[in-house]
Amino acid sequence: MKDFRADLHIHSVLSPCGDLDMSPRNIIKFAREKQIDILGISDHNSTKHGPLMRRLGSENEVFVLTGAEVTSREEVHCLTFFETDEQLESFQRYIDKYLIPFPNDPVRFGHQVVVDEHDNILEEAENLLIYSIDQGVDQIGKIVHEHGGLFIPAHVNRQRNSIISQLGFVPADINADALEISRHISKEAFLEANSYLEDYTFIQSSDAHFPEDIGRVCSVLKMESVSFKEIKMALAKEDGREVVLP
């Protein structure tokens, strides 16, 4: 098995909280500098930078998992990732159908722009993307898996917008492919208070909103090679694949 460094929680300029320097090409540039092998692009409630990020990554030897950080009705943040552009487009239609409409105020929340590979603005999202969609966390997980994707509740140790902060616990039937902890806690410290979750695979990510934060923490995926299938196997601890938190 080979070791691959993965940062699976990255926000671009499409997220209202993302810095304007977080264009797709800059994200790939900084990932290369930080020796990150696998990136997870996870803008709030939007997958629209996914295809470009995947292409730029492929051209620069960075594997990009494409998806979105979806906010559930309970205000739980969930990382979702998909293998193909067709799956992304279908899942985006699902998000658009249920996103609760609330106009964005760029002065208050930040701009939400889709750009091309040269950082030219192509469009700007009108509705606030950090708002919730009108679907429960269990419904989101079900739809993600129906699309062949990966479903990972985000930063579960945080005091807001995590599955534990919003529900009080991680339900036994959540059917998550992994759980993410933030860079502010170790897996050992988290499990001391939540030992009932010890059988889960954990990832740790930067949740980067600024270029310098990319790769600040990462997960090491032990796999034969880099592919969506291999990543899925590592999260499931199949055939010697696994995830290790340094």
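The values are calculated or read from the model by the stated rules, or taken from the named source; none is laboratory data. Since the model is a prediction, treat every value here as computed from it, not as a measurement. Methodologically, a virtual Cβ is constructed for each residue, glycine included, from the backbone with ideal geometry; neighbour enumeration extends over all protein chains shown.
A few notes on this one:
- Every pair of residues 6+ apart whose Cβ atoms lie under 9 Å, when the first sits in segment 80-109 and is over 29 Å from ASN175 (Cβ atoms) while the second is among the charged types (D, E, K, R) and surrounded by 12 or more Cβ atoms within 10 Å (Cβ to Cβ): ASN104/GLU124; PRO106/GLU124
- Looking only at segment 143-188, and only at residues there that are surrounded by 14 or more Cβ atoms within 10 Å (Cβ to Cβ) and among the basic types (Lys, Arg), the one that is farthest from the chain's Cα centre (by Cα): LYS187
- Conditions (1) part of a loop (DSSP other than H, G, I, E, B); (2) within 27 Å of PHE109 (Cα to Cα); (3) of a type outside the set (Val, Ile, Thr); number of the one not met by PHE151: (1)
- Residues of segment 162-218 satisfying the condition of being charged (D, E, K, R), modelled with pLDDT of 95 or more, out of contact with any strand residue (DSSP E or B) (no Cβ under 9 Å at 6 or more places or on another chain) and assigned to a loop (DSSP other than H, G, I, E, B): GLU198, ASP199
- Residues located in segment 19-73, provided they are among the hydroxyl-bearing types (Ser, Thr, Tyr) and under 29 Å from ASP134 (Cβ atoms): SER42, SER46, THR47, THR66, THR71, SER72
- Number of the condition not met by ARG108 [criteria: (1) modelled with pLDDT under 95; (2) assigned to a loop (DSSP other than H, G, I, E, B)]: (2)
- GLN159 in contact (Cβ under 8 Å) with a residue 40 or more places away in the chain and not in a strand (DSSP E or B): no
- If you check VAL220, VAL244 for being in contact (Cβ under 8 Å) with a residue 24 or more places away in the chain and surrounded by fewer than 16 Cβ atoms within 10 Å (Cβ to Cβ), only one passes: VAL244.
- Test: residue in segment 38-46 that is of a type in the set (Val, Ile, Thr), part of a loop (DSSP other than H, G, I, E, B), touching an Asp or Glu at 6+ places or on another chain (Cβ under 8 Å) and in contact (Cβ under 8 Å) with a residue 60 or more places away in the chain: no
- Scanning segment 66-87 for residues that are assigned to a strand (DSSP E or B) and either of a type in the set (Gly, Ala, Ser) or farther than 17 Å from HIS9 by Cα (or both) yields GLY67, ALA68.
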